[in-house]
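Participant: Let me give you the structure first, and then I'll get to my questions.
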Amino acid sequence: MGTSTKVRRSGGSRTARLVAVAGAVVGLAIPLAGTAHAGTARNGICESGEFCLFYYPTGVSGGAVSDFAVGDIPNLGPNQPSCYEFRGSGTGSGLCVWQNARSARNLTDHNVRVFTNVNYKSTSDLFTANGQQSDLYQAKFLDESIKFVS
């Protein structure tokens, strides 16, 4: 005796599949929307969505860069191996950023302050959102912390 099994299809399973596919598409699209303009932080290239400190002053080429994603840095660190360092092939590459930066460029949508002491204390230089490269004034050779502000 053979056994037969009937498969019953209902409109509900088709609807469930469509909802699952739509959810997957939306789930993939949302994370990509936030990263469309963000650069790759810490790669030695100053890209859109990053704040960058430079080893040389504005207008002087050939210096290394330290590029940061949006996020406060209370202590740039004075010594290797725990410091943030300049990257790229230019002069200063591999050196700690701490008290070595001459200029900065802000390619983020936030204002950024570079402080002359750790934990955002003492005097600071303000770099407005999406601004041009400018020399550090207060924090030149005294850069110790970075804060993203509104």
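Participant: Which residue is farthest from the chain's Cα centre (by Cα), if the candidates are limited to the stretch 91-122 and must be in a strand (DSSP E or B), farther than 20 Å from Ser48 by Cβ and not aromatic (Phe, Trp, Tyr)?
Facilitator: Applying the filter and picking the extreme gives Thr91.
Participant: Can you confirm whether Asp125 is among the acidic types (Asp, Glu), assigned to a strand (DSSP E or B) and modelled with pLDDT of 95 or more?
Facilitator: Criteria met by Asp125.
Participant: From Asn111, Asn117, Asn75, grab the single residue that is at pLDDT 95 or above and over 15 Å from Phe141 (Cα atoms).
Facilitator: Asn111
Participant: Given the conditions (1) modelled with pLDDT of 95 or more; (2) surrounded by 14 or more Cβ atoms within 10 Å (Cβ to Cβ); (3) among the hydroxyl-bearing types (Ser, Thr, Tyr), report the number of the one that Thr58 does not fulfil.
Facilitator: Tallying (1) modelled with pLDDT of 95 or more; (2) surrounded by 14 or more Cβ atoms within 10 Å (Cβ to Cβ); (3) among the hydroxyl-bearing types (Ser, Thr, Tyr), Thr58 fails exactly one: (1).
Participant: So is Val70 in a loop (DSSP other than H, G, I, E, B), of a type in the set (Val, Ile, Thr), touching a Phe, Trp or Tyr at 6+ places or on another chain (Cβ under 8 Å) and surrounded by fewer than 22 Cβ atoms within 10 Å (Cβ to Cβ) or not?
Facilitator: yes
The values are calculated or read from the model by the stated rules, or taken from the named source; none is laboratory data. Just so it is clear, the model here is predicted, and its values are computed rather than measured. Note: ideal-geometry Cβ built from the backbone for every residue, glycine included; neighbour counts use all protein chains shown.
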